[in-house]
1. If you scan region 92-119, which residues turn out to be farther than 15 Å from residue 67 by Cα and at pLDDT below 90?
2. Given the structure, is residue 123 buried (at least 19 other Cβ atoms within 10 Å of the Cβ) and among the basic types (Lys, Arg)?
3. Taking the conditions exactly as written (out of contact with any Leu (no Cβ under 7 Å at 6 or more places or on another chain), among the aliphatic types (A, V, I, L, M), closer than 25 Å to residue 209 by Cβ and open to solvent by less than 20 Å² (accessible area, probe 1.4 Å)), does residue 37 satisfy them or not?
4. Does residue 33 meet the test of being part of a loop (DSSP other than H, G, I, E, B) and within 15 Å of the chain's Cα centre (by Cα)?
Amino acid sequence: MNNQLDGLINQLQQVLLGKPQAIKLALACILARGNLLIEDLPGMGKTSLAHAIAASLGLSYQRIQFTSDMLPADILGVTLFDKQDSQFVFHPGPIFHQMVLADEINRASPKTQSALLEAMAERQVTLDGKTHRLPSPFFVIATQNPSEQSGTFMLPESQLDRFMMRISLGYPDNHSEMLMLKSMNSHIAPSTLAQCLSPTELVALQQRVEQVSASDALLRYLLALVHASRQDSQVTGLSPRASKALLQAAKAWAVLENRDYILPEDLQAVFVAVSQHRLRSHSDGQGDTWCQHILTQVNPIR
């Protein structure tokens, strides 16, 4: 299975040049059954990465372009009366796919954004008193533009907390951008990518993540990181849900490293991506800065 994971990572690196860390974090999030938020400027490859992951995993995929006039029904679906059968019939919305790309999620109103909450947390949708299960596996990859750009709405804390990780792709290095410019006429379309894993194999890997062990010393280190985030009155500390997300993400990172146990390095690798959007500074909001500070202040417990 790890040969297939290596092939998957290598294939994604052909689509998104020079971003191996971001690719591994995205895959770790998926293996941990989490939802992923990618925040960056337009044109950085956010949508390309999401589409390439769906194609490489053989998942049913739907891209939803969020706009300011979008309504929750545009995402979840609607129940309409069928005159011929004299009954109400539910028409599923685009959320009913294994992988959903919520593109530019912060361009929609908070009311529309909140339509994703139940789906992301419980893998189901409740409409008109009826609960509809979503397909398995299911996860959301959302992209958002920086909040200082025009036409955007801040994601509320309750929505941010539903994302296991938030990552940023950033500008490519000179070498990667040179390769991109040279190969502009041979762009790799996601539809042409080989399927590296099946949905069934993905579920098996997610179950494998659940079996990864964590020593008591490792758990004490995790708790020390979490408790350190709660000591400063200028920061909204990490919640118990964040603690669980950290553990799951570290387990997934260990699987990507072909191990069935967690090392402190696994926690350190995922800590910023899991924590930065949950750590809110009342003065400047720089969650990543606080994460780096915590990592330098808290030593692994042996």
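1. 117, 118
2. So residue 123 fails the test.
3. yes
4. Yes: the conditions hold for residue 33.
The values are calculated or read from the model by the stated rules, or taken from the named source; none is laboratory data. Since we're looking at a predicted model, the values are computed, not measured. Methodologically, a virtual Cβ is constructed for each residue, glycine included, from the backbone with ideal geometry; neighbour enumeration extends over all protein chains shown. To get the accessible areas, we keep the full protein, side chains included, count just its heavy atoms, and leave off ligands, DNA and RNA. Shrake-Rupley method; radii C 1.70, N 1.55, O 1.52, S 1.80 Å.
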